[in-house]
C-alpha cells in the first residue's frame, strides 16, 4: 500500500508489534488491526494549521507559517471513515493532531492522535 510510504520507520515498526496474536513475535504484514494507514477507509482534509506551544504558558498556538525544525505538529479537521467502526463519529468529522518528522527519507508521519 502506497500510504505506508508516508509513515516513519518507527511508525512502521510499531505496526509490526502491536495487537499481536498469541505466540507471535511480530505481525507478518500491515492490516487494519495494526496499521494506522490500513485502518483508514477514506478521508478528506477540510482544514489544517501548524501547532506550536508558547513555552512559559504552555498555551497552544495555531499558524499557517511552518515553524523551523525537523519535527512539526499539524492540527487537522478531517472527514474520515475508519474500517473499525469504533473509531467512526456520527458525522464523519474528526479532529486529529499529526506529528511529522524530517530526515534523509523526507517528511514522514511519526504519529497521529486525538490530542496534542
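Of note, residue 24 does not satisfy the criterion of being at pLDDT below 80 and out of contact with any strand residue (DSSP E or B) (no Cβ under 8 Å at 6 or more places or on another chain). Give me the pairs, please: first residue somewhere in the stretch 37-66 and without any contact (Cβ under 8 Å) to a residue 12 or more places away in the chain, second residue anywhere and surrounded by 15 or more Cβ atoms within 10 Å (Cβ to Cβ) and in a strand (DSSP E or B), beta-carbon distance under 8 Å, and either six or more positions apart or on two chains. Pairs that qualify, where the first residue is without any contact (Cβ under 8 Å) to a residue 12 or more places away in the chain and the partner is surrounded by 15 or more Cβ atoms within 10 Å (Cβ to Cβ) and in a strand (DSSP E or B), are 61/51; 61/52.
Of the residues in the stretch 72-84, at least one is more than 14 Å from the chain's Cα centre (by Cα) and either in contact (Cβ under 8 Å) with a residue 60 or more places away in the chain or assigned to a loop (DSSP other than H, G, I, E, B) (or both).
Scanning the stretch 15-33 for residues that are assigned to a helix (DSSP H, G or I) and within 18 Å of residue 83 (Cβ to Cβ) yields one hit, 15. Residues of the stretch 2-55 that are surrounded by 11 or more Cβ atoms within 10 Å (Cβ to Cβ) and at positive phi: 19 alone. Entry remark, the stretch 93-116: residues being surrounded by fewer than 16 Cβ atoms within 10 Å (Cβ to Cβ), touching a helix residue (DSSP H, G or I) at 6+ places or on another chain (Cβ under 9 Å) and part of a strand (DSSP E or B) number 2 in total.
The values are calculated or read from the model by the stated rules, or taken from the named source; none is laboratory data. No experiment lies behind these values; they were computed from the predicted model shown. Using ideal geometry, Cβ is built from the backbone for each residue, glycine included, and neighbour counts are taken over all protein chains shown.
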